[in-house]
Amino acid sequence: MPTQTLFTLFLNRHFGALTTSLLEALHVHPKYSAYPITDAFAMELLVFVVLIAYFLLVRTTLSVEKPAGVQHLAEMTHEFVSEQGEQIIGHGSARFTSYLTALFLFILLANLMGVIPGLKSPTAYAVVPLGFALVTFIYYHYHGIRENGFAYIKQFLGPVWWLYPLLLPIEIISHLARVLSLTVRLYANMFAGDLVTIAFFSLVPVGIPLIFLGLHLGVAVVQAYVFFLLAAIYLSLAVAHDH
């Protein structure tokens, strides 16, 4: 039996058999058939539920005359993402605000999950940052093609035609490397932060570990912002017309 959080054990106890049956139907064989749900998936699911509850709370408490605290927080988040998008992407950035907001909030909350006793940061598992990176990779290429059509290929070719055979494979590798870069940066920082915090709390229960806990909070916020920032930059490059 793998070591799991209480929330993961709860999910496995109530939905483990169903999950195993679904995976077996798809010819996927979990390592532990009695515990097919991993901590990474369980923590992602918890983040998803928390965000859905937050958005519903904001929606049901909207008020022009007496805005609640959650509405102020939502407005601040929207303003922050909108301003960053306008500065980085420029005209037309509003259509990307919803994706960038969801990406930023999901990663931020996932990063902060490890600070709560009994929970873990799903971003400390490589598969989770890889998922964010792949979705972002597909998203900005989709909008690049949508915005520029066939001319989007010019981004991979360069300005001189006789350099096309050389630049095309280089640019393809460069874009694929973005997935690796986004994944490793987020995963490595969160894994190291969780490891250091747990190590110091196990050695010295009080005092000094609080310093590392504060550093972990800072890293969680910074890494969420960096991922969001790079996603916005890649979008700006993809939808630009002056390739």
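The values are calculated or read from the model by the stated rules, or taken from the named source; none is laboratory data. All of these numbers come straight from a predicted model, not from anything done at the bench. Quick reminder, even Gly has a Cβ in these numbers, built from the backbone with ideal geometry, and neighbours come from all protein chains shown. For the accessible areas, the whole protein counts, side chains as well, though only heavy atoms, and no ligand, DNA or RNA atoms are used. Shrake-Rupley method; radii C 1.70, N 1.55, O 1.52, S 1.80 Å.
Annotations
- Yes/no for Ala151 being surrounded by fewer than 19 Cβ atoms within 10 Å (Cβ to Cβ) and not in a loop (DSSP other than H, G, I, E, B): yes
- Residue match in the stretch 185-199 (condition: modelled with pLDDT of 90 or more, in a helix (DSSP H, G or I) and of a type in the set (Ser, Thr, Tyr)): yes
- Residue within the stretch 35-54 that is at pLDDT 85 or above, among the hydrophobic types (A, V, I, L, M, F, W, C) and farther than 26 Å from Ala126 by Cα present: yes
- Condition check for Leu112: open to solvent by 40 Å² or more (accessible area, probe 1.4 Å), at pLDDT 95 or above, within 23 Å of Gln84 (Cα to Cα) and part of a helix (DSSP H, G or I): no
- Here Val49 meets the list (1) outside any loop (DSSP other than H, G, I, E, B); (2) open to solvent by less than 70 Å² (accessible area, probe 1.4 Å) almost entirely, failing just condition (2).
- Restricting attention to the stretch 62-88 and to residues that are assigned to a helix (DSSP H, G or I) and of a type in the set (A, V, I, L, M, F, W, C), the residue that is farthest from Ala224 (Cα to Cα) turns out to be Val70.
- Residue among Pro117, Pro165 that is open to solvent by 50 Å² or more (accessible area, probe 1.4 Å), assigned to a helix (DSSP H, G or I) and either in contact with a Ser or Thr (Cβ under 8 Å, 6 or more places away or on another chain) or over 24 Å from Leu235 (Cα atoms) (or both): Pro165
- Residue pairs whose Cβ atoms lie under 7 Å apart, sitting 6 or more positions apart in sequence or on different chains, and linking a residue in the stretch 183-210 that is over 25 Å from Phe132 (Cα atoms) to a partner that is open to solvent by 70 Å² or more (accessible area, probe 1.4 Å) and at pLDDT 65 or above, do not occur here.
Per-residue answers, yes or no, for (1) out of contact with any helix residue (DSSP H, G or I) (no Cβ under 9 Å at 6 or more places or on another chain); (2) under 25 Å from Thr183 (Cβ atoms); (3) of a type outside the set (Lys, Arg):
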{"residue": "Gln4", "(1), (2), (3)": "no, yes, yes"}
{"residue": "Phe7", "(1), (2), (3)": "no, yes, yes"}
{"residue": "Leu56", "(1), (2), (3)": "yes, no, yes"}
{"residue": "Val70", "(1), (2), (3)": "no, no, yes"}
{"residue": "Ile89", "(1), (2), (3)": "no, yes, yes"}
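- Filter pass, His91 being assigned to a loop (DSSP other than H, G, I, E, B), without any contact (Cβ under 8 Å) to a residue 24 or more places away in the chain, within 24 Å of Val135 (Cα to Cα) and open to solvent by 30 Å² or more (accessible area, probe 1.4 Å): yes
- Of the residues making up the stretch 126-164, those that are touching an Asp or Glu at 6+ places or on another chain (Cβ under 9 Å), closer than 29 Å to Asp194 by Cα and touching a residue at least 40 places away in the same chain (Cβ under 8 Å) number 1.
- Hey, Thr101 crowded, with 17+ Cβ neighbours inside 10 Å and either touching a helix residue (DSSP H, G or I) at 6+ places or on another chain (Cβ under 9 Å) or assigned to a loop (DSSP other than H, G, I, E, B) (or both) or not: yes
- A count restricted to the stretch 1-42 and to residues that are of a type in the set (D, E, K, R) and part of a loop (DSSP other than H, G, I, E, B) stands at 1.
- Pairs meeting the criteria (first residue in the stretch 165-182 and farther than 16 Å from Tyr152 by Cα, second residue of a type in the set (A, V, I, L, M) and open to solvent by 40 Å² or more (accessible area, probe 1.4 Å), beta carbons under 8 Å, at least 6 apart or on different chains) are Val179/Leu130; Val179/Leu134.
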